[in-house]
Amino acid sequence: MSRSPSLPDRPTLEVDPESTPEERLSALKEHFEELQDVHEELEEQLESVREKREDLREQVDELQRENETLKTASLYIATVEDLNEDGAVIKQHGNNQEVLTEVGDRLRERVEIGDRVAINDSFSIQRVLDDETDARAQAMEVDQSPSVEYDDIGGLEEKLREVREAVEDPLVNPEQFEKVGVEPPSGVLLYGPPGTGKTMMAKAVANETDATFIKMAGSELVQKFIGEGSRLVRDLFELAEKEEPAIIFIDEIDAVAAERTDSKTSGDAEVQRTMMQLLSEMDGFDERGDVRIIAATNRFDMLDSAILRPGRFDRLIEVPNPDQEARERILEIHTEGMNLAEAVDYETLASKTEGFSGAELESLTTEAGMFAIRDGRDEVKMQDFDDAYTKIVESSEDGSMPSYASYVH
Ligand SMILES: Nc1ncnc2c1ncn2[C@@H]1O[C@H](COP(=O)(O)OP(=O)(O)OP(=O)(O)O)[C@@H](O)[C@H]1O
């Protein structure tokens, strides 16, 4: 880096007190000229600093533009196989093409053999990606023994029976299917409004069958890098096989399995590829042994029918908002450890909360407890539930729960 120019010495004026007025005038003149020289020199330095600043500003603009293009351009993923003086040998994911590519000075120190890197159309490395295991860990939630039990789920008895039949029986009693000569359902699709217990059911089945619960959100499968989504799908099934017995739970499956629209952007094509990978993993499912797959969606209407074909998600189970009886049971479950006043009546509360999901009923109980705490009481009263209800309804953004108007205080 170039150093900044040093400042010129400041001229000093030395006048001999014994000197004549002429001599003093001449000394002053000399000093004035010296000052003028310094002034000129400083002007020149200032000008050159200004030019340098202008150059730097242009460089910043250029880097910003480059950064923008990097952020928006589609990049491919590759693994670094070897590093030598000529550059890096990389293997592109998806097509396994091997290429020797130069590595710029900036990246040379950061790239190591085995790294995953993002490359552009000309195979030039644009950046080093996070450790694969990190990326995997971020995208998947793995729980060796989830703590949810069947009894923690309120209502949904019939739905739970269906899920158990499709998921638990093939895991626990595979011979039965062989004896009868039927294939167990491949995948179970739970659909219904948010917060109704879909994830809970999947966790409970995993717990009660001693299977590992592996959750992946569909939105995690929609990746920005080409080939990355399908790789995560492969990872997901590979991990499940390693951990078997295992239950794969894909939440928000609509993110990768929505019906194709007419738009043909590269993002859509990538989502499509991920979905194809998912379907092909499911098609090769029979040989997988003790792995069952459950998916969930709030947007059943958006799904591509390809995923609902026999051998794929061929067991559809609707999980609706709880009815009166289920609401009573859910309230009972979530107030189990609470110190309730005599007057708290589940039946009244349940009839007042028509249209609430299980998750909303849970927050109603928590909020009621908070009101009691704020009031310095250790007992939760009916009034706390009323206050909690008002708070939840008011904070609900869309106000779409049907029964607010019918709530009687
Ligand atoms: N039927 C239920 N019984 C008891 N608790 C429930 C029930 N439904 C929901 N809950 C409560 O709501 C929370 C969220 O439920 P869950 O995650 O299972 O919903 P979901 O249907 O998977 O929602 P989403 O579609 O938003 O993923 C649960 O942890 C639980 O506390």
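The values are calculated or read from the model by the stated rules, or taken from the named source; none is laboratory data. Just so it is clear, the structure is predicted and the values come from calculations on it, not from any experiment. FYI the Cβ positions are ideal-geometry reconstructions off the backbone, even for glycines, and counts take in every protein chain you see. Heads up: the accessible areas ignore ligands, DNA and RNA and are worked out on the full protein's heavy atoms, side chains in. Shrake-Rupley method; radii C 1.70, N 1.55, O 1.52, S 1.80 Å.
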| query | Can you tell me which residue in segment 381-401 is nearest to the ligand (Cβ to nearest atom), limited to those that are in a helix (DSSP H, G or I) and within 26 Å of Met200 (Cβ to Cβ)? | reply | Ile392
| Which residues, counting only those in segment 334-360, are within 15 Å of the ligand (Cβ to nearest atom), without any contact (Cβ under 8 Å) to a residue 40 or more places away in the chain and among the aliphatic types (A, V, I, L, M)? | Leu349, Ala350
| request: Kindly establish whether Asn95 is closer than 23 Å to Ser230 by Cβ and without any contact (Cβ under 8 Å) to a residue 24 or more places away in the chain. | output: yes
| Looking at Ser266, is it within 16 Å of the ligand (Cβ to nearest atom), modelled with pLDDT under 90, surrounded by fewer than 22 Cβ atoms within 10 Å (Cβ to Cβ) and over 22 Å from Arg315 (Cβ atoms)? | no
| query | Of all residues in segment 300-333, which are away from the ligand (no atom under 16 Å from the Cβ) and touching a Lys or Arg at 6+ places or on another chain (Cβ under 8 Å)? | reply | Asp304, Ala306
| field | Cβ pairs under 6 Å, 6+ apart, first in segment 141-153 and under 15 Å from Gly358 (Cα atoms), second assigned to a loop (DSSP other than H, G, I, E, B) | value | Ile153/Gly197
| note | Thr133 vs (1) within 30 Å of Ala246 (Cβ to Cβ); (2) modelled with pLDDT of 90 or more: all pass except (2)
| Do we find that Leu189 is buried (at least 21 other Cβ atoms within 10 Å of the Cβ), of a type in the set (A, V, I, L, M) and away from the ligand (no atom under 16 Å from the Cβ) in this structure? | no
| Any residue at all in segment 279-291 that is modelled with pLDDT of 85 or more, more than 24 Å from Gln144 (Cβ to Cβ) and among the β-branched types (Val, Ile, Thr)? | no
| field | Residue that is most open to solvent (accessible area, probe 1.4 Å), among those in segment 200-213 that are within 15 Å of the ligand (Cβ to nearest atom) and in contact with a Phe, Trp or Tyr (Cβ under 7 Å, 6 or more places away or on another chain) | value | Lys203
